[in-house]
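Asks: There's a structure below that I have some questions on.
The values are calculated or read from the model by the stated rules, or taken from the named source; none is laboratory data. If you're wondering where the values come from, they're calculated on a predicted model, not measured in any experiment. In this analysis, Cβ positions are derived from the backbone assuming ideal geometry, glycine residues included, and neighbour counts consider all displayed protein chains. Note: areas computed on protein heavy atoms with side chains; ligands, DNA, RNA excluded. Shrake-Rupley method; radii C 1.70, N 1.55, O 1.52, S 1.80 Å.
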Amino acid sequence: GKQILAHLTGKDGTDRIVRISVADRSLHVLKTVGKDCLGAVKFSPDGQYVAYGLAREGDKGRLHRDVWLSSTDGKRQIALVEHPADDSVIGWAPDGKNILFTSDRSGAPGIWLIAVADGKPRGMPRMIKPVVGKFEPFGFTQNGSFYYGISRNIDDVYVATLDPETGKILGPPKKETGLHEGSNFACSYSPDGKYLARVYR
């Protein structure tokens, strides 16, 4: 309860992982991120390490995330999970000996676990459970049980041509496909009609 872990984005777009003292509000930078995207940041149960995710744009615009560890003084940065797949931090088990993360390395999303000791990976990651649907972590209980939610809703964006006089659809709607098919919503055309913005989750 003496420190707050935070993710700060500067006016120049630079992301930083920082540790803030509750006592005197002093701020210590653990990691400065350039063009990479910073994901979740999680304290270890003993407060000695921080697990965080870094995302880089891979082939065909696909995000490629890895899991890293930092000591809380910022002096050690350790690649915990490096893989061509998309890996994202979920959190530390209460015993501090394991970290859960999501990964699609098996060809489909799943919950994976890797053992950690003294800030280093121990052994190879192993899958705990495959996931079908949109995954939402809820957290651990004190006995180490992990709870999560699954949503199977599918949201996509479709485009259709309308008759401006009658408002009738002139042809079958066409789905706008992309990297995050099934998770697109809140679309909007640019004023000139040349671009379509959408949100994915």
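Asks: With the contact rule set at Cα under 8 Å and sequence spacing of 6 or more, what percent relative contact order holds for the stretch 38-130? Intermediate values should be presented prior to the final figure.
Replies: Details: 220 pairs, mean separation 18.3, N = 93.
RCO, the stretch 38-130: 20 percent.
Asks: Could you pull out the pairs from Lys11/Lys175; Lys11/Lys174; Lys134/Lys174 whose alpha carbons sit more than 30 Å apart here?
Replies: Lys11/Lys175; Lys11/Lys174
Asks: Counting heavy atoms of the protein chains only and a 1.4 Å probe, report the per residue accessible area for the stretch 1-56 as a whole number of Å².
Replies: I get 61 Å² per residue for the stretch 1-56.
Asks: Right, here's the next one. Just how large is the dipole of the chain about the Cα centre, in debye to the nearest 20, putting +1 at every Lys and Arg Cβ and -1 at every Asp and Glu Cβ?
Replies: Dipole of the chain, to the nearest 20 debye: 440 debye.
Asks: Provide the per residue accessible area, probe 1.4 Å, for the stretch 141-195, rounded to a whole number of square angstrom.
Replies: Here the residues of the stretch 141-195 average 81 Å² of exposed surface.
Asks: No solvent, one uniform scatterer per C-alpha: report log10 I(q)/I(0) for the stretch 74-118 via the Debye equation at q = 0.14 1/Å, two decimals.
Replies: At q = 0.14 Å⁻¹ the computed log10 ratios are -0.36.
Asks: Still on this structure, I have one more. Please report the carbon-and-sulfur percent of the accessible area for the chain; probe 1.4 Å, protein heavy atoms only, DNA, RNA and ligands left out.
Replies: Looking at the chain in its full context, I get 52 percent from C and S.
Asks: If you take the beta carbon distance between Lys168 and Tyr189 as r and set R0 to 30 Å, what does 1/(1 + (r/R0)^6) give as a FRET efficiency, to the nearest 0.05?
Replies: That pair, Lys168 with Tyr189, gives E of 0.95.
Asks: If you average the sequence gap of Cα pairs under 8 Å that are 6 or more apart and divide by the length of the chain, what percent do you get for the contact order? Show your work: numbers first, answer last.
Replies: Working: 418 pairs, mean separation 18.7, N = 201.
The normalised contact order for the chain reaches 9 percent.
Asks: Show log10 I(q)/I(0) for the stretch 38-161 at q = 0.17 Å⁻¹, two decimals, from a solvent-free Debye sum over equal Cα scatterers.
Replies: -0.88
Asks: Near the amide H of Asn98, under 5 Å away, which other amide H atoms are found, from residues 5 or more places off or on another chain, if H is placed in the peptide plane?
Replies: HN-HN under 5 Å from Asn98: Ala93, Val116.
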